[in-house]
Amino acid sequence: MFTGIDEVDWASLRHAYGSAEDVPGWLRALVSADTAERATALDGMYGALHHPGCVYDSTLACVPFLLSLAAREEVPDRGGIVELLVGIGAESTDGDPRAREAVRAGAEVFVRLAEDPDPAVRRATASALVHFLPAPARVLDLLRQRLRAERDDRVLLALPEALALFVRRHPAHADAAVDLLAEQSAPPYTPGLRLAALGQLALVAPARLPADLVPTAVRLLRERSAHRARVPEPCAASGLVGRIRRLRPSDEEGSRLLRTLHMALGDLVDDRIALLGGQLTGPDPVDRCHGVWMAGALLRGWRVDHVGTVRLLGTQLHADRDWLREAAVAVLAGLFALAAPAADDLHALVCARPDLWAHRVERGSCTLGGPLKALVRCGDPRAVPALAHLLAGPAAPVDLGFELAHLGAAAAPLAPALRHRLGRIPPSSPSAARLAAPLLAALGAIGDEEAVPEVLRLLSGARGGPGARDDAVTGQVITTLEVLGATARAVTALRALLRTRHAAAAAGALWSVQRDASAVLPVLLRELVEGDPASRRLAAVQLGRLGPAGRAALPGLRRMARSCFARDRVSAAGALWRIDADPEPLLPVFREAWAQDPRTRRAIARCLTAMGPAAAPLRHLAAEELAAPRRHLAHAAGGAGQGIPEDEDLLRACREVLARCQRIQGRHSPDRTSSGSEPSGS
């Protein structure tokens with residue numbers, strides 16, 4: 001197994017973390033009698049030799065030894081070794097062809113492993129055959145033989161995946177593989193195998209799917225679950241691990257089957273909603289729990305008719321399984337206002353379980369509990385009594401104020417308690433920003449003008465000039481004062497902030513109260529050039545508020561409108577419109593940024609709304625957005641379908657853009673009746 005291993009100069013080779021001199025130790029540890037030692041070695045090789053999906057010279061040097069280990073029946077855990085080989089040869093992100101060729105050189109090993117006594121090895125080998133054997137006809141024949149001979153369910157479920165991979169890799173030979181998938185999707189095969197085949201068919205040959213795909217999939221899911229319920233589960237281990245398994249039963253294979261089908265259906269949201277309906281109403285709580293998580297993924301990533309699905313999520317809150325209820329609460333809390341159809345169920349849970357109102361975290365602090373948080377994010381005023389109780393306690397949840405913003409004016413009864421807590425924060429305390437930020441957000445959302453004295457107190461430590469303390473909460477204080485209409489009472493403090501990093505915000509607040517361009521224009525021009533990116537964008541917004549009085553900023557804004565950053569360009573273009581009212585140079589900026597960075601779309605849509613008839617050349621952007629099935633941040637950098645409130649706000653703005661264009665078009669269309677003309681054909 002290790003012939004020649006000491007002849008390799010491992011110290012001169014490299015892996016993800018430096019010298020590869022530790023690799024021979026990992027290879028030898030893979031044959032250890034100690035399970036933990038083997039697992040540690042395999043983890044180390046994944047992390048160092050194939051991290052993050054890259055290939056190193058030491059990776060290539062390892063391949064012959066890994067192939068040799070995989071071929072020896074006496075070596076334990078060979079399934080993991082085969083999976084590592086597949087990862088190295090087929091999934092390298094840097095596209096290094098040497099890795100594929102190194103594994104393909106020993107591909108005959110996988111032919112023997114296809115009939116290995118170990119099911120884990122056979123399962124991992126299915127995709128290896130497709131990736132590395134050079135003759136497609138031979139590969140297909142091996143997969144066909146395996147389908148006929150295999151008796152292990154977990155191996156059988158891997159074979160449809162291998163067939164679908166074969167279709168993608170060898171389209172000239174796809175028909176025979178698709179025929180095999182279609183055969184496996186019909187009786188007399190087991191429900192699990194049929195579900196697996198349907199999911200792969202949906203990915204590679206949707207035309208071969210049955211017309212009643214969703215009812216068939218739901219029926220197969222329930223048949224599979226009924227069979228699983230009849231098979232006694234192995235006795236759970238004692239101790240902590242066993243207790244966790246009993247508290248959170250898992251069926252990862254079933255989850256994977258349904259996830260594959262959802263992924264294949266993609267933008268066919270009506271079919272996916274119907275499929276979720278079957279998952280969420282089934283008798284098996286494990287299936288329903290998987291359905292809960294998949295419903296969350298659909299609602300976060302796609303714009304769908306959500307009411308029926310959310311109501312079904314609400315019914316899971318009455319389940320007697322803690323893990324199912326917790327999953328439903330977590331998904332509903334992430335839906336914000338879209339969770340409103342489940343508000344009655346959330347309210348019932350909040351009333352029944354005061355122990356869930358807060359969740360303890362480290363060092364004795366706590367956060368808002370999931371059911372109450374979800375009810376607040378719905379904007380449901382029935383959350384107020386529970387929130388009042390928490391505010392009256394000695395340690396209110398640290399995030400309570402931020403969540404209260406979703407209630408808006410409905411949270412007005414809580415204003416006195418919020419003011420009291422804000423007034424107790426020492427402005428010079430190192431924790432002032434952390435404690436004040438959520439309270440300021442809540443008071444601003446409520447619109448509590450009586451809080452102005454407490455808000456102004458927080459500016460007492462923030463003064464301009466060299467060496468002055470630049471309070472981290474100052475920006476939010478300024479925003480809150482503007483929201484509350486109290487900037488006139490803070491003029492002195494705001495002027496002192498014109499030399500700090502909050503200069504743009506302070507200048508905007510001063511403009512709102514004094515309308516003196518000579519006082520704020522030089523500050524904003526300076527920030528437009530010298531500020532950090534966020535300050536430059538804010539300065540552009542504030543310059544736009546000046547309107548024609550900000551004309552001195554036009555050259556700087558035009559330069560900013562040519563920035564390589566889309567958000568900079570959009571901020572500058574919006575300001576240019578408000579100052580100069582010339583749409584021609586702005587429309588290309590908006591059109592390009594809309595496509596380049598979805599995060600700019602809300603700002604663009606708001607500006608298009610303000611532009612009125614001048615926005616008509618871009619009204620198609622709003623129309624296309626409203627017709628798009630996916631949320632605008634679903635594929636943005638770092639986005640996983642998050643940002644439901646932002647997306648809903650974008651949709652509202654797009655509807656307003658179209659409504660304004662239609663109203664303007666209606667006002668300018670000729671009135672035939674008034675002109676005396678008759679309709680044609682009368």
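Remarks
- Dividing the radius of gyration of the alpha carbons in segment 527-570 by their Kirkwood radius gives 0.93 for Rg/Rh.
- Averaging 1/r over each pair of different alpha-carbon atoms in segment 495-603 and inverting the result gives 13.7 Å, the Kirkwood hydrodynamic radius.
- In the full protein context, segment 497-635 carries 43 Å² of accessible surface per residue, based on a 1.4 Å probe and ignoring ligands, DNA and RNA.
- Helix 601-611 vs. the chain, principal-axis angle (Cα, 0 to 90°, nearest 10): 30
- Potential lengthening between D152 and Q596 on full extension [0.36 nm per residue; Cα-Cα distance subtracted]: 155.0 nm
- When you restrict to C-alpha pairs under 8 Å that are six or more residues apart and normalise by the size of the chain, the relative contact order lands at 5 percent.
- q = 0.05, 0.08, 0.09 Å⁻¹, the chain: log10 I(q)/I(0) [Debye, one scatterer per Cα]: -0.36, -0.89, -1.06
- Percentage, to the nearest whole number, of Cα pairs in segment 91-202 over 24 Å apart: 23
- Counting only Cβ charges, +1 for Lys and Arg and -1 for Asp and Glu, the dipole size of segment 569-660 around its Cα centre is about 140 debye.
- Judged by the mean number of other Cβ atoms found within 10 Å, the most tightly packed of the peptides 79-89, 371-381, 427-437 leads the ranking 371-381, 79-89, 427-437.
- Positive-end residue, the chain charge dipole about Cα centroid, Cβ charges, pick of A519, L143, H51: A519
- Under the combined filter of DSSP loop state and at most 15 neighbouring Cβ atoms within 10 Å, segment 132-182 retains these trypsin sites (Lys or Arg not before Pro): R151.
- Subtracting the Cα-Cα distance of V398 and R558 from 0.36 nm times their residue separation leaves 53.3 nm of extension gain.
- Computed helical MRE - 222 nm, the chain, DSSP H runs ≥ 4 contributing -39500 (n - 2.57), nearest 500: -19000 deg cm²/dmol
- P(r) weight above 19 Å for segment 257-371, C-alpha pairs, percent: 45
- Simple point charges give the picture: +1 on the Cβ of Lys and Arg, -1 on the Cβ of Asp and Glu, and for segment 73-142 a dipole about the Cα centre of about 220 debye.
- Magnitude of the charge dipole for the chain, about its Cα centre and with charges confined to Cβ atoms of Lys, Arg (+1) and Asp, Glu (-1), is about 2160 debye.
The values are calculated or read from the model by the stated rules, or taken from the named source; none is laboratory data. Owing to the predicted nature of the structure, the values given are computational and were not obtained by experimental measurement. With ideal geometry, Cβ positions are generated from the backbone for all residues, glycine too; neighbour counts draw on all protein chains shown. Surface accessibility is based on the protein's heavy atoms, side chains included, excluding ligands, DNA and RNA. Shrake-Rupley method; radii C 1.70, N 1.55, O 1.52, S 1.80 Å.
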